[in-house]
Every structure is written in structure tokens, then in C-alpha cells.
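Notes for the one structure printed next.
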Amino acid sequence: MTAPGPAADRFARELEQAPPELQAPELLGVRLARACAATLPVDGAGLGIHDMGGLRTPLGASDPVAAQAERLQFTQGVGPCIRAHDDGVAIAFDEGEIARNWPDLHAALTTTTPFRAVLSVPLLPPLGPLVVLDLYVQDPEALPAIDRNEVLDVVVAVSRELSVAARGTADAEPDPGRGWWEGPDAMRRARVWQAMGMVNVAHGLDSEDALALLKAHAFAQERMVDDVAADLVTGLLPLDALRVPADGQS
């Protein structure tokens, strides 16, 4: 096995230098994403985990704009992170490719974030392809210049950190507090799952159609599905505001 390269060393230093306010266990994803963005020549990074049904939960982002980019992909139901998970391989999309593949996502991404290209990379098994690292750049021409060997070094390091955290969770005493999968972005996404349950009961839809209805409402209102779900859960948005088509299909 080859020794870790310079990128792995830089990543380790960045991770060690995380500020005290990010040291809580549930902020591991944030620390890892920030270290990725600081190590590689990118403008943002995010980590997300997909369940067996394809639903994605963000584990952490390097900054609020990277978190926004993840929420856009989740709301649209398409994007590089989802493609990387589905195909199980690293995949890069510049602005033109995003526009050709997902015109609506391109419009949202380019009007609400400065990002113009994305490299999405599954972590190493067994975490990958369920866990995907998204690397965002503002200049599409910077995407081909990213050293893929350095990306691999960082992916290996992130995979190791999450594997250690997962093993530690399995060995922990009962009620160990919030875990690495329960960061602020993940808890925000949990409201979507809660809202899906509310829609299940109110409109008699299965989970897939309930999520589709939430996304359709968010899309029509030019909002994030996370925000729509939060309003439903807190009562700011009544359930009857979600219009179910007459045939019952969302």
C-alpha cells in the first residue's frame, strides 16, 4: 500500500486545526468538509449519505453556500451527487454539462450560488457509494486542473475518519449523545422525513409520492423542500396548502 501523499498530510493538519466550536461529535461532517475545501483547490465541499431508498441526508458542508448547493440538488431530485451515488463512481460536471443534463438545477445553482462546476466522489467501501463527497468550484476551467490523486488521498482520509467514528459509535455506551450523523444539516433534513409522514396521513400518499408532493410545492414556490417541510412541521404552512392532483398522483 502506498504511503499517503502531501494532500493527506495537509488534510490531517486542517482537521487538527478545527476551531473549538466545531469539536462536538455531531459536527464531524462539518470538520471533514471544511478540511476538504481547505486542502484541495476548490471553493466548497459537502458530505452526504444516501439510504438504501435513495434518500439523501447531508452530513456537513464547508460553508453555508455549499450547504445551499446540496439542498438545491435534493429539492430538484437530480444532480452530480445523486449521479455519483447511483453510478458508484467519481463524476465531474462543468457548467455546460449541468445545463444540458439538468436545466432547472443549472438555473437555480447559477442564480443562488457562485458554483459553476462539481466533482462528486463516492467514499471508499463500505461507506461508498452511500456516502458521497461533493467538491464545488466557481471557475469551470479549474475542474480539470484538480489533481485526482490528491482527491483520492483526501477521499481515503475522509473514509478513514468516518469509519473510525462509526466503529466508535457501535462501541459506545447506550445514550452516548448526538452522533456524527446528527449534525445541524442532518437534523434540518429530518424535518423533511417528518413532513413526509404528515403528508402520508393527511393525503393518503405513500412515502415516494409524499416527498414528490413536497418537492413540487417547493419548486412551484421557488423554495427549498427543507424550508417547506420546516413550515409544515411547525404549523406555519397548513397541510391543505399542498395540492394533490385529482388522480392522486404527485
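Taken together, Arg71, Arg178, Arg167 contain a single residue that is of a type in the set (D, E, K, R) and outside the structural domain of Val30 (by TED's automatic domain parsing), which is Arg178. Among the residues of the range 140-161, those identified as surrounded by fewer than 15 Cβ atoms within 10 Å (Cβ to Cβ) and either in a strand (DSSP E or B) or without any contact (Cβ under 8 Å) to a residue 60 or more places away in the chain (or both) are Glu141, Pro144, Arg148. With the condition kept exactly as written, say whether any residue in the range 114-130 is modelled with pLDDT of 95 or more, polar (S, T, N, Q), over 16 Å from the mean Cα position of the chain (by Cα) and in the same structural domain as Gly46 (by TED's automatic domain parsing). No. When the range 15-51 is filtered for residues that are surrounded by fewer than 16 Cβ atoms within 10 Å (Cβ to Cβ) and free of Cβ contacts under 8 Å to residues at least 24 places away in the same chain, the ones remaining, listed by number, are Glu16, Gln17, Pro19, Pro20, Glu21, Leu22, Gln23.
Yes or no: the range 77-85 includes at least one residue that is closer than 18 Å to Val42 by Cα, in the same structural domain as Gly53 (by TED's automatic domain parsing) and more than 16 Å from the chain's Cα centre (by Cα). No - not one qualifying residue is present in the range 77-85. Going by the conditions given, is Ala37 among the small types (Gly, Ala, Ser), more than 15 Å from the chain's Cα centre (by Cα) and over 26 Å from Glu208 (Cα atoms)? So Ala37 does not fit the description; no.
Here Pro103 passes the criteria (1) surrounded by fewer than 17 Cβ atoms within 10 Å (Cβ to Cβ); (2) closer than 20 Å to Ala37 by Cα except the one numbered (2).
The helices (runs of 4 or more DSSP H) found wholly in the range 162-250 and carrying at least 3 residues that are modelled with pLDDT of 90 or more and over 25 Å from Gln73 (Cα atoms) occupy 184-203.
How many of the residues making up the range 99-125 are within 24 Å of Gly53 (Cα to Cα) and touching a residue at least 12 places away in the same chain (Cβ under 8 Å)? I'd like the intermediate steps shown before the answer.
Kept after step one, since they are within 24 Å of Gly53 (Cα to Cα), are these residues of the range 99-125: 101-102, 104-105, 118-125.
In the following step, the residues that additionally are touching a residue at least 12 places away in the same chain (Cβ under 8 Å) were identified as 101-102, 104-105, 118-124.
Going through the range 99-125 one residue at a time, the tally reaches 11.
The values are calculated or read from the model by the stated rules, or taken from the named source; none is laboratory data. Since we're looking at a predicted model, the values are computed, not measured. Here the Cβ is made from the backbone with ideal geometry for all residues, glycine too, and neighbour counts use every protein chain on show.
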